[in-house]
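Trainee: Structure below; questions to follow.
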Amino acid sequence: MKKMTLLLVLLAVSVCAESIEKKGFLTSKWCAQNGYFSDCRLESFVCGSGECFKSWEFGDNVTDELVLFVHNEQKIYTIDYSTISRYKLDEPMNRSDVTIMGELRGDTIIASGFKAPPPPQKSFFKGCL
């Protein structure tokens, strides 16, 4: 009986802690809510909104709310990146096709890792239009 109970508990825990991968556009919460994707203001990653640099001083609290906008679902997922160093997420910031791996709890992804697409290649333009 104890073995059966233990198996049921383990099964329930494994179902609840399902690992997922979501692919979308990594940006700040303010930019995603306002529809600013390719032209998101960089200060929104530090102080939480556009033009907040006017009142924000060095030493003030950093409001760093990262989200993943999933194109297929048209949904915004908040990212809890406590297991990932923040500086590692700077490169894929404001880029599409970023894959976040982790656990889904409501509308929050508890991130355990990520995959970023390679940076865009440099192009050479010769001539005039």
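Trainee: List pairs: first in the range 106-119 and among the aliphatic types (A, V, I, L, M), second open to solvent by 80 Å² or more (accessible area, probe 1.4 Å), Cβ under 7 Å, 6+ apart or cross-chain?
Mentor: From the range 106-119, the pairs are A111/T83; A116/E91.
Trainee: Report yes if K54 is within 24 Å of G113 (Cβ to Cβ) and not small (G, A, S), otherwise no.
Mentor: On the way: within 24 Å of G113 (Cβ to Cβ): no; not small (G, A, S): yes.
Taking the combined requirement at face value, the residue does not satisfy it.
Trainee: Take G59 and tell me if it is open to solvent by 40 Å² or more (accessible area, probe 1.4 Å) and either over 18 Å from S19 (Cα atoms) or touching a helix residue (DSSP H, G or I) at 6+ places or on another chain (Cβ under 8 Å) (or both).
Mentor: Yes: the conditions hold for G59.
Trainee: Something else now. State yes or no: is T83 of a type outside the set (A, V, I, L, M) and in a loop (DSSP other than H, G, I, E, B)? Outline the logic, then answer.
Mentor: Numbers: of a type outside the set (A, V, I, L, M): yes; in a loop (DSSP other than H, G, I, E, B): yes.
For T83, the condition - of a type outside the set (A, V, I, L, M) and in a loop (DSSP other than H, G, I, E, B) - is met.
Trainee: Mind counting the residues in the range 79-112 that are over 16 Å from S38 (Cα atoms) and either touching a helix residue (DSSP H, G or I) at 6+ places or on another chain (Cβ under 7 Å) or loosely packed, with under 13 Cβ neighbours inside 10 Å (or both)? Reasoning before the result, please.
Mentor: As a first pass, look at the range 79-112 and keep what is over 16 Å from S38 (Cα atoms): 79-89, 99-112.
Cutting the leftovers down to either touching a helix residue (DSSP H, G or I) at 6+ places or on another chain (Cβ under 7 Å) or loosely packed, with under 13 Cβ neighbours inside 10 Å (or both) gives us 81-83, 85-88, 105-107.
Final tally of qualifying residues: 10.
Trainee: Looking only at the range 23-52, filter to residues that are within 20 Å of A111 (Cα to Cα), free of Cβ contacts under 8 Å to residues at least 60 places away in the same chain and of a type outside the set (A, V, I, L, M, F, W, C); which one of those is most open to solvent (accessible area, probe 1.4 Å)?
Mentor: K29
The values are calculated or read from the model by the stated rules, or taken from the named source; none is laboratory data. All of these numbers come straight from a predicted model, not from anything done at the bench. With ideal geometry, Cβ positions are generated from the backbone for all residues, glycine too; neighbour counts draw on all protein chains shown. Surface accessibility is based on the protein's heavy atoms, side chains included, excluding ligands, DNA and RNA. Shrake-Rupley method; radii C 1.70, N 1.55, O 1.52, S 1.80 Å.
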